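I have placed the structure first, in the form of structure tokens, so that the comments after it can refer back to it.
Rule-based calculations on the coordinates, nothing more; no lab input. Bear in mind that the values here come from a model prediction, so they are computed numbers and not experimental data. Cβ placement follows ideal geometry from the backbone for every residue including glycine, while neighbour counts extend to all protein chains displayed.
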Amino acid sequence: MSVKSPPFDPADPLGLDDLLEPEDLAVRDTVRTWAGDRVLPYVADWYEKGELPGIRELARELGALGALGMPLGGYGCAGASAVQYGLACLELEAADSGIRSLVSVQGSLAMYAIHRFGSEEQKRQWLPEMAAGEVIGCFGLTEPDHGSDPAAMRTHAKRDGGDWVLDGRKTWITNGSVAGVAVVWAQTDDGIRGFVVPTGSAGFSAPEIRHKWSLRASVTSELVLDGVRLPADAVLPGATGLRGPLSCLTHARYGIVWGAMGAARACFESAVGYAKSREQFGRPIGGFQLTQAKLADMAVELHKGILLAHHLGRRMDAGRLRPEQVSFGKLNNVREAIDICRTARTILGANGISLEYPVMRHATNLESVLTYEGTVEMHQLVLGKALTGIDAFR
Ligand SMILES: Cc1cc2nc3c(=O)[nH]c(=O)nc-3n(C[C@H](O)[C@H](O)[C@H](O)COP(=O)(O)OP(=O)(O)OC[C@H]3O[C@@H](n4cnc5c(N)ncnc54)[C@H](O)[C@@H]3O)c2cc1C
């Protein structure tokens, strides 16, 4: 009996959809449709103006989709699989990295910190409203003088009677100015601890950072903590030391492994469409071998990256994913995604720098994605240490 192979699908050249269950495809389609309706028609304007108007409404809609704290269980969270969460990140970032950042910071940093390290009371107080998008969260780790080396942070929390008093400054904090709650990491006499800070607390402010040329459709802020007094139970009881925030970052980086491939896919599709319709020297530029070589290489890296993300997702679902493997994925996929976007930019020629097309927006967004959640160099050092057993961080 002869076996007939299915036709070649340019959108899925490796047949990776075979790896997905019907529920996975449903999640992907739902998020893709939402992003296509609610983000794509407007995002170039938001980007040009450097704003994300209607962020609260968008957050509520993302909550209704189940996209906030998606793989977490209970407390109003969707309890989705890691693969489904990854697919959602990919579709959101195919629209814009700023929207995926909103979801990553809300779900994988702020909510994850409370879900994993919080008291039952903290979970009940914050998670249902955060899952619904009624309360936006942010995650304050980076400081003006301490980025890649957060262990040296200066923000501190001191006991005063039964209370905690927080002083310090955080910077480059996604969602900061629109957050109702901030998870803030600070030095204490017992090492680094996490605090759940209602942003209405006296002494807390979050001025927005302007003049960004990347992630322009995303809110980025400083956090200023000037004698912020919190009750004793504001501390996250389950996290002591840097392992707490680092495990949140591992969770968020996992979403980036998928998300970066969304930005890459958008640029790849734009380049293919352009190459087929743009004519020079009397024929479509997609008919030139040099253009085809670029498109072939882009497709190879794009779908290898998705396959890698899927593999990590399955390991996460099986409880077998290691932080070093997430570093592997983030290092590779963001680096390859930015390369794909830059190559797409060349195929579009001068139009490549226009906001009429998505490629320059994605390429400049990915400059931030390359740096946040651990720079390329930090992930190389993580892998270097894992491969040699020698710590080269300092
Ligand atoms: C848009 C945006 C949003 C962000 N959102 C958040 C957020 O929500 N919460 C949060 O806490 N932070 C956030 N960040 C901050 C981000 O995590 C930091 O920028 C990142 O950790 C790098 O820190 P840094 O910028 O201080 O760079 P630095 O640590 O100063 O690094 C500068 C350069 O030196 C290199 N370097 C440093 N140490 C070494 C070494 N030992 N060996 C080799 N090279 C080294 C780095 O790799 C990098 O290339 C955000 C950043 C951006 C751009």
Problem set entry | For region 305-394, the spread of Cα positions along each principal axis, largest first, Å | 47, 34, 17
Problem set entry | Per-selection metrics, region 139-287 (Cα): Rg and Dmax in Å | 21.3, 80
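Where does region 49-124 land on Rg(C-alpha)/(2.2 N^0.38 Å)?
Taking N as the residue count of region 49-124, the ratio is 1.11.
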Problem set entry | Taking the convex hull of Cα positions in region 217-292, its mean projected area over all directions (nm²) | 9.4
Exercise. Taking the Cα centre of the chain as origin and charging only Cβ (+1 Lys, Arg; -1 Asp, Glu), how large is the dipole, in debye to the nearest 20?
Worked result: 600
Exercise. So what is the relative contact order of the chain, in percent, for Cα pairs below 8 Å that sit 6 or more residues apart?
Worked result: 17
Exercise. Given the alpha-carbon gyration tensor of region 158-229, what are the semi-axes of its equivalent ellipsoid in whole angstrom, ordered largest first, with each equal to the square root of 5 times an eigenvalue?
Worked result: 25, 12, 9
Seminar exercise, completed: Once the in-chain neighbours fewer than 8 apart are removed, the lysines whose Cα is under 29 Å from residue 170 read 49, 123, 158, 212, 330, 385
Exercise. Hey, how much of the P(r) for the chain falls beyond 30 Å, as a percent of Cα pairs?
Worked result: 40
For this session: For the chain, find the longest principal axis of its Cα atoms and tell me its angle to the long axis of helix 22-38, 0 to 90°, nearest 10.
Result: 90
For this session: List the extent of the Cα atoms of region 244-394 along each of their three principal axes, largest first, rounded to whole Å.
Result: 58, 29, 26
Seminar exercise, completed: In the chain the cysteines whose Cβ sits 4.7 Å or more from every other Cys Cβ are 77, 89, 138, 248
For this session: Just report the Cα centroid separation between region 33-106 and region 123-181, whole Å.
Result: 21
Exercise. Rounded, prolate or oblate: which fits region 1-104, taking a ≥ b ≥ c as square roots of the Cα gyration tensor eigenvalues, rounded meaning a/c under 1.5, else prolate when a/b beats b/c?
Worked result: oblate
For this session: Along each of the three principal axes of the Cα atoms of region 94-188, give the extent in whole Å, ordering the values from largest to smallest.
Result: 43, 33, 22
Problem set entry | Whole-Hz couplings from phi, Karplus 6.51/-1.76/1.60, listed for region 289-297; x for Gly and Pro | 4, 5, 5, 5, 4, 4, 5, 5, 5
Seminar exercise, completed: Cα-Cα pairs in region 13-166 separated by more than 29 Å, as a whole percent of all pairs, come to 28
Problem set entry | Kirkwood Rh and Cα Rg combined as Rg/Rh, region 126-179 | 1.06
For this session: Step through the residues of region 280-288 one at a time and calculate ³J(HN,Hα) from phi using the Karplus curve (6.51 cos²θ - 1.76 cosθ + 1.60, θ = phi - 60°), rounding each to whole Hz and writing x for Gly and Pro.
Result: 9, 6, x, 7, x, 5, x, x, 7
